[in-house]
Every structure is written in C-alpha cells, then in structure tokens.
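Notes to accompany the following structure.
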Amino acid sequence: YLLFPVWLIFLPNAPYIITDLVHLHQGTKMPIWYDFLLIISFSITGMLLFLTSLNSMFLMVKTRFSHKKAWFMSISVLFMSSFGIYLGRYLRWNSWDLFHKPQLLLNDVLVRITHPIQHPKTWIITFGLGFFFLISFLGFRSLNENIN
C-alpha cells in the first residue's frame, strides 16, 4: 500500500512515449521512417509495460477487495495517467517535480481543476488519452482472460 503512490506517480512515464511522435519531422540526417519506427517500437513497449503493470495492480485489488473496486481503481488510474501525460507534454512537468517543485506543480494542477473551461486543451487531451487507454486496457484484459 505504501508503494502505490510511488507507482502511480511514475506510471504515466511508460505510455508518455506515444506523445514523442510530435517530434517527427524531415530535416534530420536520419530518414523519417527510421525515427517513426524507433518511436513506435518504444511506444508499443511502453504501452505494454503500462498495461501489464496496471493489470497486475488490477488483479491485486480484485483479490484483496472486489472486482468492482479493481475496475474503479483501474479506470481512475487510466485517466490520472492521461492527466499526468498532459502535464508532462504540454506544461513540461516531470514526475520528479512533485518532489522538487511541489507547490508550483500543485498550483498548475489546481488551476486546471478549478477553472476547467479556461483550459479546454487540458481536458480534451486528458479524456482523449484516457478513453484510448481504457479501450487499450479492455482489449488487454480480454486477451489476457482468453489466454489464461
């Protein structure tokens, strides 16, 4: 239980790699297809690690509490991770900033939560990624259940 917050703080770093696709552009010495394949391979690996880690936590919560609580925790984590990815990609916060600059980070988070209409990009990205992660997790769970 004590490690859950640490796990949650660093979990978004795995699927964050997907957002590195914004760095694709011509003009470097390497062909764009090489950069694309490199980022996609890391993104797929990050997503699989993200989903595997979440699934492990899902099974632990399901065993200790209930199926319903496991789903509640998982869906909450998926959307919190999406919000964390937004904070990293667009506001340039890092997981370590929670320890180095907690007041500044908390201020940015509270402004977006208390004034959501003034920050539509925050919520479009958070919910867009959140639903993508939810669909991915549902597929992952379905495949996992069919294999076992």
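The values are calculated or read from the model by the stated rules, or taken from the named source; none is laboratory data. As the structure is a prediction and not an experimental result, all values here were calculated from the model. Quick reminder, even Gly has a Cβ in these numbers, built from the backbone with ideal geometry, and neighbours come from all protein chains shown. Each accessible area value is taken on the protein alone, full model and side chains, heavy atoms only, with ligands, DNA and RNA left out. Shrake-Rupley method; radii C 1.70, N 1.55, O 1.52, S 1.80 Å.
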Test residue 58 against the stated conditions and say whether it is touching a Ser or Thr at 6+ places or on another chain (Cβ under 7 Å) and not small (Gly, Ala, Ser).
yes
State the number of residues belonging to region 90-108 that are over 18 Å from residue 6 (Cβ atoms) and within 17 Å of the chain's Cα centre (by Cα).
3
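If the requirement is being touching a Gly at 6+ places or on another chain (Cβ under 6 Å) and of a type outside the set (A, V, I, L, M, F, W, C), which of these qualifies: 12, 31? Show your work before the answer.
Values: 31 fails: touching a Gly at 6+ places or on another chain (Cβ under 6 Å).
Result of the check over 12, 31: 12.
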So, in region 108-148, of the ones that are of a type in the set (S, T, N, Q) and more than 20 Å from residue 8 (Cβ to Cβ), which residue ends up most open to solvent (accessible area, probe 1.4 Å)?
148
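Any idea which residue in region 1-33 is nearest to the chain's Cα centre (by Cα), counting only those that are of a type in the set (S, T, N, Q) and closer than 18 Å to residue 129 by Cα?
13
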